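I have placed the structure first, in the form of structure tokens, so that the comments after it can refer back to it.
The values are calculated or read from the model by the stated rules, or taken from the named source; none is laboratory data. Quick caveat: nothing in here was measured; it's all calculated off a predicted structure. FYI the Cβ positions are ideal-geometry reconstructions off the backbone, even for glycines, and counts take in every protein chain you see.
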């Protein structure tokens, strides 16, 4: 994607409120979460889109809450009518347009689901955590993957952002455990 913007990537510096509500070990630290969020915000498509429309988001503020399956399932059931835990939920700050504060929203990331998916997909835990934070951040910025065109845009951005972090494309084919041939 070759998109021009007047925003200096060095001016992007998100403030991440890390909340640990999970008993899991080896969770991402504050620095990693901030690195991954900033990497997403610095993608040219994001800078020329959401950040150009709302420049205060260069100093975006968001919460990243690391949870266990019970909390993830409760929120997923209550807000998405899906009664199971999920890897990441995003809750955008729904502010009126005239309120120009850099509040982006909240990410809820389920540690056991992320760890399980990383194992199933033969990825490092850190690579999958990075992907989930970037994926959730893009959702907070208004990106989605409901239709094929939007999914292509979002997946391309994710892949390009992960590449800047030396992380492989997350959309390589892998065999789900239930699909293994005997």
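Assorted remarks:
- Tally, over the range 1-44, of residues that are surrounded by fewer than 16 Cβ atoms within 10 Å (Cβ to Cβ), outside any loop (DSSP other than H, G, I, E, B) and at pLDDT 90 or above: 7
- The test for being in contact with a strand residue (DSSP E or B) (Cβ under 7 Å, 6 or more places away or on another chain) and at pLDDT 95 or above does not hold for residue 70.
- Residue, surrounded by the most Cβ atoms within 10 Å (Cβ to Cβ), within the range 121-135, restricted to residues that are outside any helix (DSSP H, G or I) and on the phi < 0 side of the Ramachandran plot: 123
- Among the residues listed as 75, 95, the single one being in contact with a strand residue (DSSP E or B) (Cβ under 8 Å, 6 or more places away or on another chain) and not in a helix (DSSP H, G or I): 95
- Selection status of residue 118, outside any loop (DSSP other than H, G, I, E, B), surrounded by 13 or more Cβ atoms within 10 Å (Cβ to Cβ) and touching a residue at least 60 places away in the same chain (Cβ under 8 Å): no
- Neighbours by Cβ (under 9 Å, 6+ apart or cross-chain): first from the range 146-168, touching a residue at least 40 places away in the same chain (Cβ under 8 Å); second exposed (fewer than 11 other Cβ atoms within 10 Å of the Cβ): 153/1; 156/1; 157/1; 160/1
- The one condition in (1) over 17 Å from residue 27 (Cβ atoms); (2) touching a helix residue (DSSP H, G or I) at 6+ places or on another chain (Cβ under 8 Å); (3) surrounded by fewer than 19 Cβ atoms within 10 Å (Cβ to Cβ) that residue 105 fails to fulfil: (3)
Residue-by-condition table, conditions (1) buried (at least 19 other Cβ atoms within 10 Å of the Cβ); (2) touching a residue at least 60 places away in the same chain (Cβ under 8 Å):
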position	(1), (2)
59	no, no
62	yes, yes
69	no, no
79	no, no
85	yes, no
94	no, no
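- Within the range 136-161, tally of residues that are in a helix (DSSP H, G or I) and out of contact with any helix residue (DSSP H, G or I) (no Cβ under 7 Å at 6 or more places or on another chain): 13
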